[in-house]
Amino acid sequence: MTTTAPSSAAAQPATSSAPLLEVTDVQKWFPGRSKGLLSRTGNPVKAVDGVSFTVHEGETLGLVGESGCGKSTTGRVVSKLIEPTGGAIRFQGRDISGLSRRAMRPLRREVQMIFQDPYSSLNPRQTIGTIVGTPFRIQGQKPEGGVKKAVQGLMERVGLNPEHYNRYPHEFSGGQRQRIGIARALALRPKLIVCDEPVSALDVSVQAQVVNLLEDLQSEFGLAYVFIAHDLSVVRHISDRVAVMYLGKIMEITDRDSLYESPMHPYTHALLSAVPIPDPAVESRRERILLTGDLPSPSSPPSGCVFHTRCPKYRTELSDSQREHCRTTQPVLEEKRPGHQVYCHFPQVRTDLIDGQPGPVRTTGPKTA
Amino acid sequence: MSTAQPVTVRPPLSGEPFLSVEDLKVHFPTDDGLVKSVDGLTFSVRPGEIVGIVGESGSGKSVTAQAILGLHKGSRAQVSGHIWLGGRDLVAATENEMRQVRGDDVAMIFQDPLSSLHPFYSVGDQIAEAYRVHNKVSAKDARTRTVEMLEKVGIPNASSRYDDSPHQFSGGMRQRAMIAMALICKPRLLIADEPTTALDVTVQAQILELIKELRDELDSAVILITHDLGVVAETCDQVVVMYGGQCVEKGPVDQLFDQPEMPYTWGLLGSMPRMDRVRATRLLPIAGSPPSLINVPKGCVFNPRCRYSDRVEGRKCFTVHPALEPSTPEHEVRCHIPPAERQQILLTEIRPNL
Ligand SMILES: Nc1ncnc2c1ncn2[C@@H]1O[C@H](COP(=O)(O)OP(=O)(O)OP(=O)(O)O)[C@@H](O)[C@H]1O
Ligand SMILES: Nc1ncnc2c1ncn2[C@@H]1O[C@H](COP(=O)(O)OP(=O)(O)OP(=O)(O)O)[C@@H](O)[C@H]1O
Ligand code: SF4
Ligand SMILES: [Mg+2]
Ligand SMILES: [Mg+2]
């Protein structure tokens, strides 16, 4: 539209620039396991089933949802650790979903991943120097001044003592190990880092150190993050935009503050209502929407809206004909308010879920017309 | 609909505590020296009360729980002080007596569900067995009761999952099965050690609901160990904040969140992102690392990381161990800064950044 700088809604990426990463209708199906004695191959596990989103340079997209909804699989497909079953992944405008290993190699350095578990993701028999230096060797890169110097520089940057170059992972605490993983991911100066639950295993105080480090590195190097987590408080803190996943699909995606202050999908409502807030006065007036039952199996997802079997709105608020619609027709993820996409036939803004008081509905777009 | 919100805050409980821990010390002799994991801990839990224990990793929360259950008996651990449970001192009890206590009065939910489920037996049978040890009922009745309990903790199709072995359950389901096993015996004291840390928020909400139900139905006493202050705010009546094996602050949940007075508690609250706040600034981690439990800092255990020790005259923070002293009758704090000054710091320096 105009060239005015985007307002505080930094969440709305400047529409003029092309996204760094563009994921369109990506699927990842795993072969079904044969069941029981009458060994017949089961239905495929639709771990990720038609996911679309974009990430701009320097932006953080949060990815949340229950265990097993497909967050890690999405992250691994995006970092090309596994091949998608269908759909397109464009990186800097170029479709990389079909690229061969060879053709992928120069791009690999641009996208890195940090793993959840700081204990199992580092080889216990390698020194920190070897671990952090591996990406240089794989890529056949000779950094100026040698690998050792580069690695020690990285260690320093993430707050590790460079003298500990020859130490082994078990000699470090959880937070320090997570820093080792971060240093390794940074080695090749990537543009995008997929962070899969990078702070979930850490103590709050150490968690705060790592979150701050990720933010500093982002502003220093213009990094973009896909930040996977099940802690919705951390995600609110670090993300510009947030996508909520359920059973392999995105239920809702919008800028951070809209997602938390005026969420529209019944699943997001339930998730937010379930997060306890460290303030007893607020806690005592909040409504808690309990979801019943378990996540359905991703190899036989429900018909129509995949959430309808657990949807509180479906159960208690809709008429018979509306329910029929939920059971038979798949919603599509579409824009229901500016910049706010929702997968639901009957979306509704709620503003009372976090502090227990209906607040003014925030508008998502720039305030100046 | 503008009627006043129902007040869900429970009236303060009076009455005798069901569990009283007095000056508890648990020290482990190791090759490197004596590890003082718990060093003079005092707190109590009344029937119907949920007491939260919070503190960073390694502060002695699990070791405290293990001591209450008598799990250090027969090990090299040196346990002293008193653990009064319904009038008797568990520190002095024999292993045999403890076994009985563990079955009849006290149940525990462990952080790691696999450690307490046997891999070869069905989940249902293990729970039914636990039930029958303490209740004279037929196998059939025990099965019915078990299925009810599994349903209650949110296992779908509980009767058909009864015969599954633990590995056929997902991690979250195992955790719920273990909670069913702890609750089925209707314990008078339930100790839950990080019962929901591995679970996602929706399941966590269900489990916390169950624990509150147990408390409401049976007037059980509950100790909830967690590092999630949100969980504490939602569930607990009283809070014990632990640091370096000691209690540094304790009090009713509202006072603790509204008027925290110990610098470590300030640090804890400040380092946590809040979902109910529009993001303003960076998180504020507590500088430094946890204290050595072998060479415990002289004076206040928190002094190497405390930003306020220069407010205390005569370097007292580095020489004198502060006592846990009441700030209000219900609220106790271990810090040399005088109460009035602490409240001033809270108001002018801490609150604005929380
Ligand atoms: N290699 C695989 N083969 C078969 N199924 C798989 C495979 N990897 C993942 N899945 C299944 O795909 C679904 C999504 O898994 P994924 O690990 O992406 O979930 P997640 O959202 O990351 O969960 P969590 O929060 O527990 O890490 C799950 O049902 C999982 O069992
Ligand atoms: N058997 C033992 N021998 C020696 N030291 C021990 C033993 N058990 C525990 N410790 C030490 O005691 C301290 C307290 O441990 P504890 O397990 O109680 O911590 P915690 O507060 O539960 O931490 P977390 O939040 O990580 O579970 C730790 O430093 C631990 O290493
Ligand atoms: S006693 Fe001193 S060192 Fe300890 S918390 Fe208080 S001010 Fe800080
Ligand atoms: Mg995952
Ligand atoms: Mg513990």
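Where a number appears in this text, it was derived from the coordinates with a stated rule and is not lab data. What you see is a predicted model; the values in this text were computed from it and never measured. Reconstructed Cβ throughout: ideal geometry from the backbone, glycine too, with neighbour counts over all protein chains shown.
Below are the figures for this structure:
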quantity: Size of charge dipole - the protein assembly as shown - debye, nearest 20, with Cβ of Lys, Arg +1 and Asp, Glu -1, no other charges; calculated: 2400 debye
quantity: Efficiency of FRET between A:Gln92 and A:Ser173 - r from beta-carbon atoms, R0 25 angstrom, step 0.05; calculated: 0.10
quantity: Electrostatic dipole magnitude of chain A [Cβ: Lys, Arg +1; Asp, Glu -1; Cα centre; debye, to 20]; calculated: 1400 debye
quantity: GNM top mover of A:Pro135, A:Pro263, A:Pro106 - chain A, alpha-carbon springs below 10 Å; calculated: A:Pro106
quantity: Point-charge dipole on Cβ atoms (K/R +1, D/E -1) for the range B:31-86, about Cα centre, debye to 20; calculated: 220 debye
quantity: Candidates A:Ala281, A:Ala150, A:Ala270, ranked by Gaussian network fluctuation over chain A, Cα under 10 Å, top entry; calculated: A:Ala281
quantity: Approximate spin-label separation A:Arg315-A:Ser67, in nm, with each point projected 7 Å along Cα-to-Cβ; calculated: 2.0 nm
quantity: Label-to-label distance, nm, for residues given as A:Ser297 and A:Arg327 (7 Å Cα→Cβ offset); calculated: 2.1 nm
quantity: Other-chain or far-sequence residues with amide H under 5 Å of A:Val194's (modelled H); calculated: A:Gln112, A:Met113, A:Ile114, A:Val226
quantity: More than 20 Å apart - percent of Cα-Cα pairs taken over the range B:261-353; calculated: 41 percent
quantity: Segment A:Arg137-A:Phe30, length gained on full extension (0.36 nm per residue, minus Cα span); calculated: 35.4 nm
quantity: Amide hydrogen neighbours beyond the local backbone of A:Thr351, cut-off 5 Å, H modeled; calculated: A:Gly359
quantity: Filtered GluC sites (Glu not before Pro), the range B:10-112: DSSP coil and at most 10 other beta carbons within 10 Å; calculated: none
quantity: Cut-off 18 Å, label 7 Å out along Cα→Cβ of A:Lys148, residues of the range A:158-198 by amide N; calculated: A:161-168
quantity: Zone residues, the range B:20-53, relative to B:Ser292, backbone N less than 19 Å from point 7 Å out along Cα-to-Cβ; calculated: B:27-39
quantity: Amide H contacts of A:Leu63 (H built 1.01 Å from N, under 5 Å, at least 5 apart or other chain); calculated: A:Phe227, A:Ile228, A:Ala229, A:Ala243
quantity: Computed helical MRE - 222 nm, chain A, DSSP H runs ≥ 4 contributing -39500 (n - 2.57), nearest 500; calculated: -8500 deg cm²/dmol
quantity: J(HN,Hα) series, the range A:161-178, from Karplus relation 6.51 cos²θ - 1.76 cosθ + 1.60, nearest Hz, glycine and proline x; calculated: 6, x, 5, 8, 3, 9, 8, 9, x, 5, 7, 10, 7, x, x, 5, 5, 5
quantity: Residues B:Asp31 and B:Glu151, FRET efficiency given R0 of 60 Å [Cβ-Cβ distance, rounded to 0.05]; calculated: 0.75
quantity: Cross-link partners of B:Lys140 among lysines (Cα-Cα below 28 Å; sequence separation of 8 or more within a chain); calculated: B:Lys152, B:Lys186
quantity: Qualifying trypsin sites (Lys or Arg not before Pro) in the range B:54-143, DSSP loop, other Cβ atoms within 10 Å at most 12; calculated: B:Arg76, B:Lys136
quantity: Helix B:123-134 axis, angle to chain B major axis (alpha carbon atoms, nearest 10°); calculated: 80 degrees
quantity: Proxy reagent accessibility, fewest Cβ within 10 Å first, across B:Thr146, B:Thr235, B:Thr30, B:Thr281; calculated: B:Thr281, B:Thr30, B:Thr235, B:Thr146
quantity: Estimated FRET transfer efficiency (A:Arg285, B:Thr144; beta-carbon r; R0 45 Å; 0.05); calculated: 0.70
quantity: Unsatisfied cross-links (Cα-Cα over 23 Å) in the set A:Lys191/A:Lys336; B:Lys61/B:Lys212; A:Lys46/A:Lys313; B:Lys73/B:Lys136; B:Lys73/B:Lys298; B:Lys25/B:Lys212; calculated: A:Lys191/A:Lys336; A:Lys46/A:Lys313; B:Lys73/B:Lys136; B:Lys73/B:Lys298; B:Lys25/B:Lys212
quantity: B:Gln78 versus B:Leu354: modelled label distance in nm, points set 7 Å from Cα along the beta carbon direction; calculated: 3.9 nm
quantity: Among A:Ser67, A:Pro280, B:Leu218 - extreme Cα towards positive end, dipole of the protein assembly as shown, charges at beta-carbon; calculated: A:Ser67
quantity: Helix-only [θ]222 nm of chain B, DSSP H runs n ≥ 4, -39500 (n - 2.57) each, per residue, nearest 500; calculated: -9000 deg cm²/dmol
quantity: The range B:72-205: relative contact order as a whole-number percent, Cα under 8 Å and 6+ apart; calculated: 32 percent
quantity: Range in chain A, longest, excluding exposed GluC sites (Glu not before Pro) [loop by DSSP; at most 11 other beta-carbon atoms within 10 Å]; calculated: A:1-143
quantity: Viscosity 1.002 mPa s, 20 °C: Kirkwood-radius Stokes-Einstein D of chain B over Cα pairs, µm²/s; calculated: 98 µm²/s
quantity: Whole-number D in µm²/s for the protein assembly as shown (Stokes-Einstein; Kirkwood sum over Cα pairs; 20 °C, 1.002 mPa s); calculated: 78 µm²/s
quantity: Dimensions in Å of the range B:115-186 - Rg and Dmax from alpha carbons; calculated: 10.8, 31
quantity: Interatomic Cα distance distribution for the range B:180-338, bins of 5 angstrom, percent; calculated: 2, 8, 15, 17, 18, 15, 11, 8, 4, 2, 0, 0
quantity: Three-way shape label, the range A:255-369, alpha-carbon gyration tensor, a/c 1.5; calculated: oblate
quantity: Residue-wise HN-Hα coupling along the range B:333-349, computed from phi with Karplus coefficients 6.51, -1.76, 1.60 (Hz; x: Gly, Pro); calculated: 9, 10, 6, 6, 5, x, x, 4, 5, 4, 5, 5, 4, 4, 5, 8, 10
quantity: Sequence-separation-based contact order of the range B:5-159, relative, with Cα cut under 8 Å and 6+ spacing, percent; calculated: 18 percent
quantity: Residue-wise HN-Hα coupling along the range B:171-183, computed from phi with Karplus coefficients 6.51, -1.76, 1.60 (Hz; x: Gly, Pro); calculated: x, x, 5, 4, 4, 5, 4, 5, 5, 4, 5, 5, 7
quantity: Zero-based 10 Å bins, Cα pair distances in the range B:189-248, whole percents; calculated: 20, 56, 22, 2
